[in-house]
Amino acid sequence: MKALSAVRALELNDSWIGAGFVRDAVWDHLHGYEPSRALGDVDVVWFDHEHCCPDRDSYLESKLKQQLPSLVWSVKNQARMHQRNGDRPYTSTENALLHWPETATAVAVRLGDKSLDIIAPYGLSDLFELLLRPTPTFERDKFYAFEQRVTTKRWLERYPGLQLIVPA
């Protein structure tokens, strides 16, 4: 909640915490692990065509680090990430999530007025049912990248309850 509050305080356009930070928190909980065992960074995603410079993201990371120095922050304006990923330009943060590698990773959360807001273009079933599957883009053209992530992140070792779902 502190991380979500820190991101909201920045007042960024279309901003969320997503990816591995959310996914791992859910998988940790479902495996009975302690909440503090986070291994990665806090992925902050936002969308603003006016501030596409990577220096802006670095500045925001330093602001967040000042607020919560115990966390490793990664801020990425999704308005430019299509270039790195070889995709067509994204139209929003939610649209960018469609191009993330795994369905269970394509989830983001933020503080709403009275509750948590969630975007999950592929739904939440895979996340909560411990299913590790590639998104449509990664089950075809970029499957090698999905396989590499499964290996390097050691998800099947870290989370023995996961079921790997690969295209036929």
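Counting helices only, and only those DSSP H runs with n ≥ 4, report the 222 nm mean residue ellipticity of the chain as the sum of -39,500 (n - 2.57) divided by its residues, in deg cm²/dmol to the nearest 500.
On the way: 8 runs with 65 residues, N = 168.
Taking each H run of at least 4 residues, the total per residue is -10500 deg cm²/dmol.
Could you give the nm distance between label points at Leu164 and Tyr33, where each point is 7 Å from its Cα heading toward the beta carbon?
Label-label distance for Leu164 and Tyr33, simple model: 1.7 nm.
Just the number please: accessible area per residue for region 68-168, 1.4 Å probe, all protein chains included, in Å².
Solvent-accessible surface per residue comes out at 54 Å².
Hey, could you get me the Stokes-Einstein D for region 74-168, Kirkwood radius over alpha-carbon pairs, 25 °C and 0.890 mPa s, rounded to whole µm² s⁻¹?
171 µm²/s
Report, largest value first, the span of the C-alpha coordinates of region 21-130 along each principal axis, in whole Å.
41, 33, 30 Å, listed from the longest principal axis down.
So, with a 1.4 angstrom probe, what is the percent of accessible area on region 22-168 that is carbon and sulfur?
C and S fraction of accessible area: 51 percent.
Counting other C-beta atoms within 10 Å, and keeping those with at most 15, which DSSP coil trypsin sites (Lys or Arg not before Pro) do you find in region 66-168?
Of the trypsin sites (Lys or Arg not before Pro), the ones in loops of region 66-168 whose Cβ has at most 15 other Cβ atoms within 10 Å are Lys114, Arg140, Arg154.
Straight distance only, please: which lysines reach the Cα of Lys65 with their own Cα at less than 30 Å, same-chain residues fewer than 8 apart left out?
Those lysines meeting the cut-off are Lys2, Lys76, Lys114, Lys153.
Using Stokes-Einstein with the Kirkwood hydrodynamic radius over Cα pairs, what translational diffusion coefficient do you get for region 24-85 at 4 °C and a viscosity of 1.567 mPa s, in µm²/s rounded to a whole number?
98 µm²/s
The values are calculated or read from the model by the stated rules, or taken from the named source; none is laboratory data. Model, not experiment: these values are computed from the prediction. Every residue, glycine among them, receives a Cβ derived from its backbone with ideal geometry; neighbour counts consider all protein chains shown. Protein only, heavy atoms only, side chains kept; ligands, DNA and RNA dropped before computing areas. Shrake-Rupley method; radii C 1.70, N 1.55, O 1.52, S 1.80 Å.
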